[in-house]
Structures are given as structure tokens and as C-alpha cells.
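Scroll down for the structure; my scribbles are underneath it.
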Amino acid sequence: MTSTGIRWTTHDRYSNEIYLTHERWQHIIASINHPNMTNYEEHLKATIRHGTRTQDSLNPQKYRYVNAFNDLPADNTHIIAIVLFRFRENSDGKPISNNYIVTAYQKQIR
């Protein structure tokens, strides 16, 4: 895989295929964004697979996945992932799903 290619793909509990690119992972863990996510990539996968999902009220293509964990640093309790649901064309010109993680972060939710 290239530095901008797909890092991994998984499915949410609704059977939607969702992927993370190397570029988005580097964005997430960058020192100016969410470096505390560096050691929590498997938690991010679990958030996509098992977390609750809500649709953004202003952008119906944007979904927020939230999952609780008891081993996050700095009193954080949940991982939140933002996923865009889009489409692209396959080689036959037919639309196929193109759902990808835009960002992810930790947060304390009581």
C-alpha cells in the first residue's frame, strides 16, 4: 500500500464497508490533531464495528460513530469516528459505496 492508499477496511454493524487511508491516519495522529489516538487504532476499528451511529443533521452523508472504552488516557471514556458515506464509479461505470473515516478522537462523555 502507498502512503495515501487504504490502510484497512472493516464493516459496521449494518454491514457497510468503511475504510481508513494512510493519509487520514496520519492526519488523525498528527501532533496538532489527536496524537493520543496513536496507540488506539484497534479501538478505532472496534468503534466502527460495534459503536452507535448517528447521522449528522446538516450533512446526511456524515455519520458519527461512538464507542465506550475503559482504558483510554486522560479521563477519556469514548472514541468518536467521523465517517463520510459517498459513492464512486466502478470499472463498469456503476455506483459503488465509498465510505471512509475522515477523523477520529477521544472524548470524555458522562
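The values are calculated or read from the model by the stated rules, or taken from the named source; none is laboratory data. The model shown is predicted, which means the values in this text are computed figures rather than measured ones. Note: ideal-geometry Cβ built from the backbone for every residue, glycine included; neighbour counts use all protein chains shown. For accessibility, only protein heavy atoms count, side chains too; no ligands or nucleic acids. Shrake-Rupley method; radii C 1.70, N 1.55, O 1.52, S 1.80 Å.
Specify the inter-centroid distance of region 96-110 and region 8-49, based on alpha-carbon positions, in whole Å. Their Cα centres are 7 Å away from one another. Computed with every protein chain present, the accessible area of Ile32 is close to 150 Å² [probe 1.4 Å]. To two decimal places, what compactness ratio does region 13-74 give when its Cα radius of gyration is scaled by 2.2 N^0.38 Å? Output field value: 1.20. Here, P(r) means the percent of Cα pairs in each 5 Å bin from 0 to the largest distance; for the chain it is 2, 12, 21, 24, 20, 12, 5, 2, 1, 0. Kindly provide the helix-only [θ] at 222 nm of the chain, computed as the sum of -39,500 (n - 2.57) over DSSP H runs of four or more divided by all residues, to the nearest 500 deg cm²/dmol? My calculation for the chain gives -4500 deg cm²/dmol from helical runs alone. Charging the Cβ of each Asp and Glu at -1 and of each Lys and Arg at +1, and nothing else, the dipole of the chain about its Cα centre rounds to 240 debye.
What angle do you read, to the nearest 10 degrees and between 0 and 90, between the alpha-carbon axis of helix 41-50 and the longest principal axis of the chain? That helix lies at roughly 70 degrees to the long axis.
Across region 78-89, rounded Karplus estimates of 3J(HN,Hα) from the backbone phi angles (6.51 cos²θ - 1.76 cosθ + 1.60, θ = phi - 60°) give 9, 10, 10, 10, 9, 10, 9, 9, 10, 10, 9, 8 Hz, Gly and Pro being marked x.
On full extension, the segment bounded by Ser15 and Thr103 gains 29.6 nm, given 0.36 nm per residue less the C-alpha separation.
Database remark: amide H of Thr21 closer than 5 angstrom to the amide H of Arg7, Ile101 (H placed geometrically; neighbours at sequence offset of 5 or more, or on other chains; Pro and chain starts carry no H).
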